Amino acid sequence: MIAGSLVALVTPFRNDELDENALRSMVQWHIEQGTHGIVPVGTTGESATLTEKEHCRVIELVVEEAAGRVPIVAGAGSNNTREAIFYNDAAQDLGADATLHVAGYYNRPSQEGLFRHFEAVHEASKLPIIVYNIPPRAVVDILPETMARIAALPKVVGVKDATGDLTRPILERMLIEDEFSFLSGEDGTAVSYNVAGGNGCISVTANVAPALCSEMQTACTNGDYTTAAQIQERLMPLHMALFEEPSPAGVKYAASLLGLCDEWCRLPIVPLSNRSKSEIRDALANLGLI
């Protein structure tokens with residue numbers, strides 16, 4: 001089962017080109033800091049602005065640097081089912097352990113259309129698949145009954161849930177009988193989601209506070225929700241500051257303060273305001289990270 005603190009890894013750029021050295025260093029750092037899994041070329045990894053060559057190169061480098069020490073869940077999602085299958089095949093060929101597929105944004109498919117999309121990806125895949133449900137960005141919501149249908153496909157092993165609805169893991173667990181990974185897709189609700197039946201988080205904040213995010217998820221795994229809640233309370237100002245403006249501008253700026261990579265994001269994401277930069281600096285300083 002895929003569980004714990006998985007980082008929704010940013011894609012580092014230098015002069016608008018992929019910074020391979022920074023990417024390699026970041027993977028090593030995450031493993032040293034206790035991150036339980038790495039999710040490259042997801043939406044936080046700016047997959048929408050990567051070329052096909054860059055997308056595949058990021059997966060290749062992350063798999064190479066991780067060297068089997070933690071699972072690699074490669075982003076492969078698209079609102080074009082054929083493209084989703086293409087990137088799923090590429091992730092498989094490059095050595096990823098699983099893939100992450102977002103629901104059909106813009107197309108606004110019906111619940112039947114959503115099921116058929118994931119069914120087609122499933123039939124073409126040899127890798128485990130995690131479904132990414134994020135209605136605020138994808139417009140459509142994969143309802144619990146549809147999620148249960150998708151979960152019945154043998155290679156579908158989990159969900160990244162960014163609905164913000166803390167009843168979802170309860171409702172879905174009532175419908176899904178087999179082992180299934182319930183992963184929060186929202187840092188601010190990660191502990192609450194686990195209390196409701198989740199077993200981890202695909203985290204943006206873990207890009208810059210991996211040890212704390214890992215410690216928090218480990219506490220949840222051990223049933224120590226008091227400790228987990230205490231860590232979450234410490235992290236909350238950082239969670240909030242990172243999302244004051246469209247992501248991943250905030251987390252990339254935070255990463256630049258830690259010397260991990262440049263803060264550069266590709267358009268249409270623009271640089272942060274001075275106010276947001278100040279809030280992020282303060283949050284990192286209060287956690288003793290800078």
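The values are calculated or read from the model by the stated rules, or taken from the named source; none is laboratory data. The model shown is predicted, which means the values in this text are computed figures rather than measured ones. Please note: Cβ atoms are built from the backbone with ideal geometry, for glycine as well, and neighbour counts cover all protein chains shown.
Taking Val27 and the conditions (1) buried (at least 24 other Cβ atoms within 10 Å of the Cβ); (2) touching a Pro at 6+ places or on another chain (Cβ under 8 Å); (3) not small (Gly, Ala, Ser), which numbered condition does it fall short on, given that it satisfies the others?
Looking at each condition in turn, Val27 falls short on (2).
For the structure I just gave you, tell me whether Glu233 is out of contact with any helix residue (DSSP H, G or I) (no Cβ under 9 Å at 6 or more places or on another chain), of a type in the set (Asp, Glu) and at pLDDT 95 or above. Give the derivation first.
Numbers: out of contact with any helix residue (DSSP H, G or I) (no Cβ under 9 Å at 6 or more places or on another chain): yes; of a type in the set (Asp, Glu): yes; at pLDDT 95 or above: yes.
When the stated conditions are applied, Glu233 passes them.
Can you say whether Asn207 is in contact (Cβ under 8 Å) with a residue 60 or more places away in the chain, surrounded by 18 or more Cβ atoms within 10 Å (Cβ to Cβ), of a type outside the set (Lys, Arg) and over 30 Å from Leu267 (Cβ atoms), as far as the supplied structure shows? Can you show your working first?
Details: in contact (Cβ under 8 Å) with a residue 60 or more places away in the chain: yes; surrounded by 18 or more Cβ atoms within 10 Å (Cβ to Cβ): yes; of a type outside the set (Lys, Arg): yes; over 30 Å from Leu267 (Cβ atoms): no.
In short, no.
Every residue, every condition in (1) touching a helix residue (DSSP H, G or I) at 6+ places or on another chain (Cβ under 7 Å); (2) in a loop (DSSP other than H, G, I, E, B); (3) among the aliphatic types (A, V, I, L, M); (4) without any contact (Cβ under 8 Å) to a residue 24 or more places away in the chain, yes or no:
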residue: Phe86; (1), (2), (3), (4): no, no, no, yes
residue: Pro109; (1), (2), (3), (4): yes, yes, no, no
residue: Leu114; (1), (2), (3), (4): yes, no, yes, no
residue: Arg149; (1), (2), (3), (4): yes, no, no, no
residue: Val157; (1), (2), (3), (4): no, no, yes, no
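Can you spot a residue in the stretch 241-249 that is modelled with pLDDT of 95 or more and under 18 Å from Tyr132 (Cα atoms)? Break it down stepwise before answering.
To start, the set of residues in the stretch 241-249 that are modelled with pLDDT of 95 or more comprises 241-249.
Narrowing further to those that are under 18 Å from Tyr132 (Cα atoms): 247-248.
Within the stretch 241-249, one or more residues are modelled with pLDDT of 95 or more and under 18 Å from Tyr132 (Cα atoms).
Determine whether the stretch 181-194 contains at least one residue that is aliphatic (A, V, I, L, M), assigned to a loop (DSSP other than H, G, I, E, B) and within 23 Å of Val140 (Cβ to Cβ). Even if it seems obvious, please write down each step before you answer.
As a first pass, look at the stretch 181-194 and keep what is aliphatic (A, V, I, L, M): 183, 190-191.
Applying the additional criterion that residues be assigned to a loop (DSSP other than H, G, I, E, B) yields none.
Within the stretch 181-194 (the criterion being aliphatic (A, V, I, L, M), assigned to a loop (DSSP other than H, G, I, E, B) and within 23 Å of Val140 (Cβ to Cβ)), the answer is no, since none of the residues qualifies.
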